[in-house]
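Readers should treat all values here as calculations from the given coordinates under stated rules, not as data from a laboratory. Since the structure is predicted, the reported quantities are computational estimates derived from the model, not experimental observations. Virtual Cβ from ideal backbone geometry, glycine too; neighbours counted across all protein chains shown.
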Amino acid sequence: MASDSAQPAPGIVSSIADSLVALGDWTAFSWRAVTGLLTRHFKRRELMHLCLVVGLDSVGVIAITGTFIGMVLAVQAYSQFHQIGLDTSLGAVIHMSVVRELGPVLTAVMLAGRVGSAMAAELGTMRVTEQLDALACLGVDPVRFLVAPRFLAAVLMIPMLTVLADIMGLIGSSFVCLRVYHIDAYHYWEHTRAFVGFWDVFVGLVKSVAFGGVTALIACHRGFHGTAGAEGVGRAATQSFVISFIVILALDFVFGLLANSVHDMIWPPSGSKPF
Amino acid sequence: MSEPLIQLQSVGVRFGTHDVLRGVSLDIFPQQTVAFIGESGCGKTCLLKLVVGLLQPTAGDVLFQGKSLRSLNEKELTAMRLRVGFLFQSAALFDSLNVFDNVAFGLKAKGGVAEADVSARVVERLQEVGLPDGVRVKMPSELSGGMRKRVGLARALALDPNVMLYDEPTTGLDPVMTDVINELILQTRTKRPVTSVIVTHEMRTVHKVADRVVMFYPLSRLAEGEPQMIYDGPPDGLATAADPRVRQFVEGRAGA
């Protein structure tokens, strides 16, 4: 009995093995896609089109999301901060949260939902209808031809979308704090200026680039490995979003630790933040 | 007889725990037209994909002009693929490109062909498959099944391949369009020295275009010979033409 419990269940072992195989496959796929940026298969015209799809078409939804996140944060935080008389610190807290965490994470999640799922469905459909095989037969590497521009479009567009989400979050929260709750504007902005610096914006943007790249690669990988039929395409789109969402949160945690360590190395905790 | 152009040597294909092909050996000679027949799911399309390296065998080897596909580097594999035209079952036209761009795709991707030459070649191939000039600007979604197959054939022929692979070229088409496609396959063969492999369920197609028929049964080869031999025997010793499974398929009867 004891020896039985010491042995991992075969199902768990095979699941772990399958996950490791999938991770290895994704890594090789990603490497092929990224190196595809340097090959003749990469087409700039396709990149322009994808930048419009990823970036411009997402502006509305990202702006609305950013605005409401800022407003909701302001409403939730105000009641707590007002009770202890720290109303004017709301700006610093909300803007720090938006710039470092919520802006990049929510933009990436929106991108995974709106663009990533569409990429997985599109490539999954191309797989089911043998268009990927047709590309290979015509001497074109489908990974380099299709994934490289999607990866680059996501990496280029997501920082801009994150900045938009940050600005809209700032506008939304400021509107609620200054217009609805009538917090003193001078101290509100002074606290923001004192606590939110270039480093916070920089960390948020670096994270967003990583989220965008990983989201695009996960979406394309799921699309390429979709199974036959409408159900397979739907499953690829769903898997793309679910995996991207989990990876974004996990990466956010890792980046949080890493950013704090780097910050403490450059500016030891005893010293004040230079900017 | 000349050296085989394509050789399958004890090829096996397995998906997960499911064997699709086991120990299949076959030689295809230059300028032959070989038809693969057999019930759905017996691995015929897998064989076509093995030939062009879209699928790797889990056992055995595939040779093209005596060279194992496993030994080819990426550049050599691409060069080999450019010598093979593939008409997919669904035609596999690129949804986002119009007919002209679909047919021109391989030429543009290959590079080194002037724009005017690309254009001339596309027009020539579309004429060859009997499509009117106005179809050039249409999107794949605007085409009928037969037209899609013809555009797919024009695209496959645009690079002047030595080998043509047809995956169920007449499936889903009416009898007239089926005959049009059969005629195009014959015409392709007579116009150029091309080796053809056709996966089909249509016995009329087999009779009209094939020099040689190979019948597959789940996992392996069941019978082989000239089209008439599949009916009358004698085949190559794998099974007699009187084999009830061959007769059942040829005559299109439900199970006993």
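Observations on the structure shown:
- Nonlocal amide H pairs with B:G38, under 5 Å, H built at 1.01 Å: B:F216
- Sequence-distant residues sharing a close amide H with B:V213 (under 5 Å, placed H): B:A35, B:G225, B:E226
- Evaluated over the protein assembly as shown, the Cα radius of gyration and Dmax, each in Å: 29.8, 99
- Segment A:49-68 versus segment A:213-264: alpha-carbon centroid distance in Å: 19 Å
- Spin-label pair B:E124-A:L86: with each label point 7 Å from Cα along the Cα-Cβ axis, the two points sit 7.8 nm from one another.
- Estimated [θ] at 222 nm from DSSP helical runs (n ≥ 4, -39500 (n - 2.57)) normalised by residues in chain A, nearest 500: -25000 deg cm²/dmol
- Between the listed residues A:A219, A:M126, A:I158, the Cα displaced farthest toward the positive end of the dipole of segment A:23-266, a dipole computed from Cβ unit charges relative to the Cα centre, is found at A:M126.
- The calculated FRET efficiency for A:F68 paired with A:T27, based on their beta-carbon distance and R0 = 41 Å, is about 0.65.
- Derived scalar couplings between HN and Hα for segment B:70-79 equal 5, 7, 7, 7, 4, 5, 5, 5, 4, 4 Hz in order, rounded to whole Hz, by the Karplus curve 6.51 cos²θ - 1.76 cosθ + 1.60 (θ = phi - 60°), x for Gly and Pro.
- Charge dipole (Cα centre; +1 on Lys/Arg Cβ, -1 on Asp/Glu Cβ; no other charges) of chain B amounts to roughly 400 debye.
- Semi-axes of the equivalent ellipsoid for chain A, Cα gyration tensor, largest first, Å: 39, 24, 18
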